[in-house]
Amino acid sequence: MGQFIFRRLIIAVFVSLTVSVIGFSLLRLSGDLAHQLAGDDARPAQVADVAHRYGLDRPLYVQYVDWAGNALTGNLGRSLFTNEPVSELIGERIGVTLKLAIFSILFAAIIGVTLGVTAAVRANSAIDRGALALAVFGQAIPNFWFGLILIVVFGVTLQWLPISGSDSLLNFVLPTVTLGFTVMPPFMRLTRSGMLDVLNADYIRTARAKGLLPHTVIFKHALRNAILPVVSLLAVTFGFLLGGSVIVESVFALNGIGLLAFQSIVRADFPVVQAIIVFVSFAYIGLTLLADIVNAWLDPRIRLA
Amino acid sequence: MVALDNAVTDSTAEEMRWPSPFAVMRRRALHHRGLLIGGAWLLLMILVAVLAPLIAPHDPYEQDLTARLIEPVWGMGGSWAHPLGTDALGRDYLSRIIFGARVSLIVGFGASFISGLIGVSLGLIGGYFGGRTDGFVMYLVNVKLALPGILVALSLVAMFGGSITALVIILGFLFWERYAVVTRSATQQIRRAEFVLAAQACGASRLRIIVGEILPNVLNQVIVVATLEMAIAILVEAALSFLGLGTQPPTPSWGLMVSEGRNFIFYKPYLIELPGAAIFLLVMAINMLGDGVRDVTAPEGRN
């Protein structure tokens, strides 16, 4: 187990380093960041001045080492637009994104796993086909469009729910359904196929032959084994939601880090953009590392392979 | 004796002959409802995109400020002059949706082709050579997975502009990891197969073995991934255009049309509903086609 964790940790460190380099250099790829900041009709002298002020005239690796060193001490620089420290900007808004991500993943996992179990137990029935159709829908529906349709139906026609802002929990209902529905299909498919595999296994037949209640067999014996891959899916999905909520945040005017990233990208506020990209990547790496360790702990076959 | 054998096989050939793998697949395909419906819709959309100038009733760019925000034919005041109504600038909505199919399909095919080239190459190399080479490929995949795709795409599009060429290249370079993972594991499974060892024994070069022996045998799985990635590329292009950083006005792109209709969401919802439905149906058709191809080529893996 120790060796397994150690090996995974080394990979995670290397991947994190690479991701931080990419996140850092991404907005510098175009080469004329200073030009962009100075404006279209700036004279060369002004561009050079801007480049010097933000240290953009130094070699890229010097800039990176400087930025990474500061970042390690918690200093992510200041926004070029509001002049606030980037760490404060992110801190103010991460709560909204985290709430949305947690609600959405709960929505997706609860509905997906329930549908998956039901579909597998009643394979090829109407319920199974209905669950599959729902999964196909969820995969194909553009989430910005789904959000707008929900706004039209529940916010405008029925007037049941608020359509923008993040003041109360009610504000999160429509965004959660929008985002949750689009990440639900993998939970349903994974649970269903896992359950189908397990339900045909010998030990399930034995459990049934012993005369255990179907309920006990399905939940105590089958689901426990079928649910293992869902642990990894939870980590991957949560990591995706942190960076993928930008569209839903924009549709429902939720002031999270997705919207902040989008606004900062539009105004070339590179200290904010690079910080968010690297932050979200690190969260993903940490989560998947955790999921691997949990999986290895749950299933010895993984850590001994 | 030989003659007798031949006679036996000949006489029973008609009823005993095993159908060729291709015939089996064709028969399965013709009985697969999802594959047929999905394939037919995709084909129809391709025809619409190719023939757009011939079938569109109006010029999609032509503004008519006296005919703004006309409802579709089933709405109040709608008429067959503009079957799906007009937008805020009086442009014919049906024509814009017809031309919008071009953007989605070009981006979908283009991006999934580029990411396919990258991902399949990496998967073949990693799966065939194994060891450190494979470790490096997996490291690249891990880096790619960790990066938030949509935020990176937004940043790149903000820098390089939202032309269709730029979108195809950017999305092509962003969504290759699934190709790599699937190709790699498929390659690992057949790397030690007898026909590969036979080619090695004949002295075939590694390149020849990879391209001539392994690639054709993993192609079915690659095609399934290709449909999935095409659907994702279409959704991401629509999302980027919706956020205003993808396809730029006045080009008719379905995502951009939803975004332009957003100001009229309260009293002209068809402006949002129609282009959104077009994206939804196209993506669903492609997914159904992909699921169907998987069922037909590898029914044992279905469940």
**Prompt:** Which whole number gives the average count of other chain Cβ atoms within 10 Å of the Cβ atoms across peptide A:8-19?
**Reply:** 3
**Prompt:** What is chain B by shape, rounded, prolate or oblate, if you read a ≥ b ≥ c off the alpha carbon gyration tensor as root eigenvalues and call it rounded for a/c under 1.5, prolate for a/b larger than b/c, and oblate otherwise?
**Reply:** oblate
**Complete:** For A:Lys220, the aspartates and glutamates lying under 20 Å Cα to Cα, once residues fewer than eight places off in the same chain are dropped, come out as A:Asp197, A:Asp202, A:Asp299
**Complete:** Inter-chain shielding metric for A:130-143, i.e. average beta-carbon neighbours from other chains within 10 angstrom, reads 4
**Item:** Cα-based Rg and Dmax for the protein assembly as shown, where Dmax is the largest Cα-Cα distance (Å)
**Value:** 26.8, 97
**Asked** Helix B:149-160 versus the longest principal axis of chain B: what is the Cα-based angle in degrees, 0 to 90, to the nearest 10?
**Response** 60
**Item:** Given charges at Cβ of Lys, Arg, Asp, Glu: the protein assembly as shown dipole, positive-most of B:Gly276, A:His215, A:Leu233
**Value:** A:His215
**Message:** Between B:Ala52, B:Ala111, B:Ala198, where does the largest GNM mean-square fluctuation fall for chain B, given springs only between Cα atoms within less than 10 Å?
**Reply:** B:Ala198
**Asked** Going by the alpha-carbon gyration tensor, a ≥ b ≥ c the square roots of its eigenvalues, is segment A:239-305 rounded (a/c under 1.5) or, if a/c is not under 1.5, prolate (a/b greater than b/c) versus oblate?
**Response** prolate
**Fill in**
Measuring from its Cα centre, chain A shows a charge dipole (+1 at each Lys and Arg Cβ, -1 at each Asp and Glu Cβ) which, in debye to the nearest 20, is 1440
**Request:** Grab the Cα-Cα distance for A:Asn124 and A:Gln46, subtract it from 0.36 nm times how many residues apart they are, and report the gain in nm with one decimal.
**Result:** 21.2 nm
**Asked** Efficiency by 1/(1 + (r/R0)^6): what FRET value for B:Val50 and B:Ala166, r their Cβ-Cβ distance, R0 = 22 Å, to the nearest 0.05?
**Response** 0.45
**Message:** With angles folded into 0 to 90 degrees, how steeply does helix B:93-129 sit against the dominant principal axis of chain B? Use alpha carbons for both and round to 10.
**Reply:** 30
**Prompt:** At q = 0.15 Å⁻¹, what is the log10 ratio I(q)/I(0) for segment A:161-305, with the Debye formula run over Cα points and no solvent?
**Reply:** -0.90
**Request:** Name the residues whose placed amide hydrogens come within less than 5 Å of the amide hydrogen of A:Arg78, ignoring near sequence neighbours (fewer than 5 apart) on the same chain.
**Result:** A:Val86
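What FRET efficiency comes out for the pair A:Tyr64/A:Thr206, r = Cβ-Cβ distance, R0 = 51 Å, nearest 0.05?
Using R0 = 51 Å, I get an efficiency of 0.30.
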**Request:** Relative to the longest principal axis of the C-alpha atoms of chain B, give the angle of the C-alpha long axis of helix B:270-297, reported between 0 and 90° and rounded to the nearest 10°.
**Result:** 10
**Asked** Looking at the square roots a ≥ b ≥ c of the eigenvalues of the Cα gyration tensor of chain A, which shape do they give, rounded for a/c under 1.5, prolate if a/b is larger than b/c, or oblate?
**Response** oblate
**Prompt:** In terms of the ratio Rg/(2.2 N^0.38 Å) built on C-alpha atoms, what value belongs to segment A:88-267?
**Reply:** 1.20
**Asked** GNM on chain A, C-alpha springs below 10 Å: top fluctuator among A:Pro214, A:Pro175, A:Pro162?
**Response** A:Pro214
**Asked** Taking a point 7 angstrom from the Cα of B:Gln63 along the C-beta vector, which residues in segment B:85-104 have backbone N less than 17 Å away?
**Response** B:86-93, B:96
**Message:** Can you compute the charge dipole magnitude of the protein assembly as shown about its Cα centre, using +1 on each Lys and Arg Cβ and -1 on each Asp and Glu Cβ, nothing else charged? Give it in debye, rounded to the nearest 20.
**Reply:** 1700
**Prompt:** Out of A:Gly39, A:Ala268, A:Gly130, whose Cα points farthest toward the positive end of the dipole of chain A (charges: +1 Lys, Arg; -1 Asp, Glu; placed on Cβ)?
**Reply:** A:Gly130
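Only the coordinates and a few stated rules stand behind these numbers; no lab work does. Only a predicted model underlies this, so the values are computations on that prediction, with no experimental measurement involved. Using ideal geometry, Cβ is built from the backbone for each residue, glycine included, and neighbour counts are taken over all protein chains shown.
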